[in-house]
Amino acid sequence: MSANFEPIVGRYMHLELSGRAHRVYVEEAGEGTPLLCLHTAGADGRQYRGLMNDARVTRNHRVIAFDMPWHGKSSPPQGWHDEEYQLTSAQYTAMILAVIDALDLDKPIVIGCSIGGRIALHLALEHPERFRAIIGLQAGAHVDPYYDLNFLHRPDVHGGEVAAAIVSGLVGPDAPDKEKWETLWHYMQGGPGVFKGDLYFYKIDGDIRARVAEIDTERCPLFLLSGEYDYACTPEETLAVASSIAGCEATIMNGLGHFPMSENPGEFLKHLLPVLERVGGR
């Protein structure tokens, strides 16, 4: 029996971020218009496996997902053991632009989920000229704290299992069992303090409520897609953000939760493919 390989190719690139050397893991599949995918807090680029394995996406798009430093196959920088990881808006934005420049991507489409959706709003506001379009999944302008982050980094608690338990309630009820548990496994594998550090951006530093209405969709189209089963970025929050931005389009995806591209790729693509068709590819 011969091996059945997926079309996804992964490799490492060396990149300087915030003045420090990093070894960043990147996966991609397909050809055409770049589609840069940003994963959720505490997870990694495997969340976009469904897009990379679907010919309807890859025939016209070069789908790219990178693991942020500290996540997945991207190690933290030298000296990490002497510091506490905390993601900020400035670091996050600079990282994404550095990856775009390093890969020589010309006006990619960017799609980001959760913290990736939040930073997508920052990119739409601060760097619209760099993108063909921006797609925010579960992209709220803020989130009110609803659990104690300190439980995510303690010597007497397995942070990965706690993180998976917390986010398990954010998965939609119709998610196939296989995809649901793979999504949660990614969280169980997270490094010490990484989910907590990402949530510093999501809950504190990345709050963009005061500026989100300034986004100009004439400079870069903005699409918001949100699952109905999400208490971190509720449908009401998504619609409120969309209503505050002239020209922004929002869709609430029935049956899906906080991780639509990972928990139920087949259903998610029913919503994404029409958006990609409108934006255009190749």
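The values are calculated or read from the model by the stated rules, or taken from the named source; none is laboratory data. As the structure is a computational prediction, the values presented were derived from the model and not from experiment. Because the Cβ atoms are built from the backbone with ideal geometry, glycine has one as well, and the counts that use them run over all protein chains shown.
With respect to the conditions (1) in contact with a strand residue (DSSP E or B) (Cβ under 8 Å, 6 or more places away or on another chain); (2) hydrophobic (A, V, I, L, M, F, W, C); (3) closer than 15 Å to GLN138 by Cα, CYS220 falls short on a single one, namely (3).
Residues checked against (1) in a helix (DSSP H, G or I); (2) among the polar types (S, T, N, Q); (3) farther than 17 Å from HIS186 by Cβ:
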position: PHE5; (1), (2), (3): no, no, yes
position: MET13; (1), (2), (3): no, no, yes
position: GLU28; (1), (2), (3): no, no, yes
position: ARG56; (1), (2), (3): yes, no, yes
position: ARG62; (1), (2), (3): no, no, yes
position: GLY72; (1), (2), (3): no, no, no
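Does the stretch 182-224 hold any residues that are of a type in the set (S, T, N, Q) and part of a loop (DSSP other than H, G, I, E, B), and which are they? Answer for the stretch 182-224, where residues must be of a type in the set (S, T, N, Q) and part of a loop (DSSP other than H, G, I, E, B): GLN189, THR217.
Okay, residues lined up against (1) buried (at least 17 other Cβ atoms within 10 Å of the Cβ); (2) modelled with pLDDT under 95; (3) of a type outside the set (Lys, Arg):
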{"residue": "SER168", "(1), (2), (3)": "no, yes, yes"}
{"residue": "ASP177", "(1), (2), (3)": "no, no, yes"}
{"residue": "LYS180", "(1), (2), (3)": "yes, no, no"}
{"residue": "ASP207", "(1), (2), (3)": "yes, no, yes"}
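Mind listing whichever residues of the stretch 244-282 are within 20 Å of the chain's Cα centre (by Cα) and small (Gly, Ala, Ser)? Of everything in the stretch 244-282, those that are within 20 Å of the chain's Cα centre (by Cα) and small (Gly, Ala, Ser) turn out to be ALA250, GLY255, GLY257, SER262, GLY266. Residues in the stretch 166-179 that are assigned to a helix (DSSP H, G or I) and more than 23 Å from GLU237 (Cβ to Cβ): ASP177, LYS178, GLU179. Residues of the stretch 261-280 being crowded, with 19+ Cβ neighbours inside 10 Å and either among the hydroxyl-bearing types (Ser, Thr, Tyr) or not in a helix (DSSP H, G or I) (or both), which ones? Hits for the stretch 261-280 are SER262, ASN264. Among the residues making up the stretch 246-260, those that are under 18 Å from VAL110 (Cα atoms) and either in a strand (DSSP E or B) or among the aliphatic types (A, V, I, L, M) (or both) are GLU249, ALA250, THR251. Count of the stretch 124-142 residues, restricted to those that are surrounded by fewer than 24 Cβ atoms within 10 Å (Cβ to Cβ), of a type in the set (A, V, I, L, M, F, W, C) and part of a helix (DSSP H, G or I), is 1.
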